[in-house]
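*Asks:* Take this structure first; my questions come after.
Readers should treat all values here as calculations from the given coordinates under stated rules, not as data from a laboratory. This structure is a prediction, so every number in the text was calculated from the model and none was measured. Virtual Cβ from ideal backbone geometry, glycine too; neighbours counted across all protein chains shown.
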Amino acid sequence: MQQLPVLPYSLDSLSPVIDAQTMALHHGKHHQAYITKYNAAVENTPFENQRVSTVLKNLDAVPDAIRQTVRNNGGGHVNHSFFWTILTSNPEDNTPQGDIVEHICRCFGAFDQFKNAFANAALNQFGSGWAWLVMSETAELSVMATPNQDCPVMTNHIPLLGLDVWEHAYYLTYQNRRLDYINAFWNIINWAQISHYYTVARRGFDSSFLV
């Protein structure tokens, strides 16, 4: 049975970028709802005790009757469990660091060009979804967007950075100003954690840090 992960910081620690009320609703209500529905869908099936990201990589093996529920809610659980860990209020952790910075510059031409590509993916995702920095099986880095709660593992990519652009993630503070939310997001990214995930991912295309 999947469980709601404990946040590694207080609800108000990311304010004013993400306010405490949004965090409480996003984590305690929205994320919990994904977990509850996922657990109900896979109960007493072979998928119950598998890592959710593994199930998502092999959705074709999931019976038609529960596949969409597993996709939506399993994706919601994996995406959010990852998202909470790559946020920080610590300025030292917020500084881009490690080998991933060099790799980003090599793949995008410059770090600012990566930021622009990521921001454009987040801004132009129509409706609900996510923007991602991902690694491919050949260790290439790229930016992608996914609709709804689709997860990069579904297309054989490992997420290294993600931004939730569902309205429930930002509407209380930013209303319809998604770009303001995207711009503020850069101030709370935990690059120390992302650098660690990058190191893990480079070892044999390892996504074991995902639930």
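*Asks:* Would you mind getting me the FRET efficiency between Leu172 and Asn90? Use the beta-carbon distance for r and R0 = 25 Å, nearest 0.05.
*Replies:* 0.55
*Asks:* Roughly how big is region 20-85's charge dipole about its Cα centre, with Cβ charges of +1 (Lys, Arg) and -1 (Asp, Glu), in debye to the nearest 20?
*Replies:* Using Cβ point charges on Lys, Arg, Asp and Glu, region 20-85 gives about 180 debye.
*Asks:* Next question. Would you mind ranking Phe126, Phe114 by Cβ crowding within 10 Å, fewest neighbours first?
*Replies:* Ordered by Cβ neighbours within 10 Å, fewest first: Phe126, Phe114.
*Asks:* Work out the length of the dipole vector of region 151-211 about its Cα centre, built from +1 on the beta-carbon of each Lys and Arg and -1 on the beta-carbon of each Asp and Glu, and round it to the nearest 20 debye.
*Replies:* 160 debye
*Asks:* If R0 is 35 Å, what FRET efficiency do you get for Asn49 and Asn183 from their C-beta distance, rounded to 0.05?
*Replies:* For Asn49 and Asn183, the calculated efficiency is 0.25.
*Asks:* Next up: By count of other Cβ within 10 Å, fewest leading, how are Arg202, Arg106, Arg71 ordered?
*Replies:* Taking fewest neighbouring Cβ atoms as first place, the list is Arg106, Arg202, Arg71.
*Asks:* Taking the Cα atoms of region 50-107, report the difference between the largest and smallest coordinate on each principal axis, in whole Å and largest first.
*Replies:* Principal axes ranked by extent give 46, 28, 16 Å for the Cα atoms.
*Asks:* Using the membrane-span-like helix rule (whole DSSP H runs, Cα extent along the own axis of at least 15 Å, mean Kyte-Doolittle hydropathy at least 1.6), which helices of the chain qualify?
*Replies:* The qualifying helices: there are none.
*Asks:* When the convex hull of the Cα atoms of region 73-211 is projected onto a plane and the area is averaged over all directions, what value comes out in nm²?
*Replies:* In nm², the orientation-averaged hull projection of region 73-211 is 7.7.
*Asks:* At what distance in nm do the modelled label points of Asn39 and Leu123 sit from each other, each positioned 7 Å from its Cα along Cα→Cβ?
*Replies:* Placing both labels 7 Å along Cα→Cβ, they lie 4.1 nm apart.
*Asks:* Between Thr69 and Val6, what's the calculated FRET efficiency when r is the beta-carbon distance and R0 is 45 Å? Round to 0.05.
*Replies:* So the FRET efficiency works out to roughly 0.95.
*Asks:* Helix-only estimate, please: 222 nm mean residue ellipticity of the chain, summing -39500 (n - 2.57) across DSSP H runs of length 4 or more and dividing by its residues, to the nearest 500.
*Replies:* -13000 deg cm²/dmol
*Asks:* Please give the charge dipole size of the chain, origin at the Cα centre, charges +1 on K and R Cβ atoms and -1 on D and E Cβ atoms. Round to the nearest 20 debye.
*Replies:* For this selection, approximately 220 debye.
*Asks:* Among Trp84, Trp132, Trp186, which comes first, then next, by fewest other beta-carbon atoms within 10 Å?
*Replies:* In increasing order of surrounding Cβ atoms, one gets Trp186, Trp84, Trp132.
*Asks:* Run the paramagnetic zone check for Leu59: 7 angstrom along Cα to Cβ, then residues of region 66-100 with backbone nitrogen under 17 Å.
*Replies:* 66-80
*Asks:* When the chain is treated as a GNM, springs tying every alpha-carbon pair under 10 Å, which of Gly76, Gly162, Gly28 comes out with the largest mean-square fluctuation?
*Replies:* Looking only at Gly76, Gly162, Gly28, the largest GNM fluctuation is found for Gly28.
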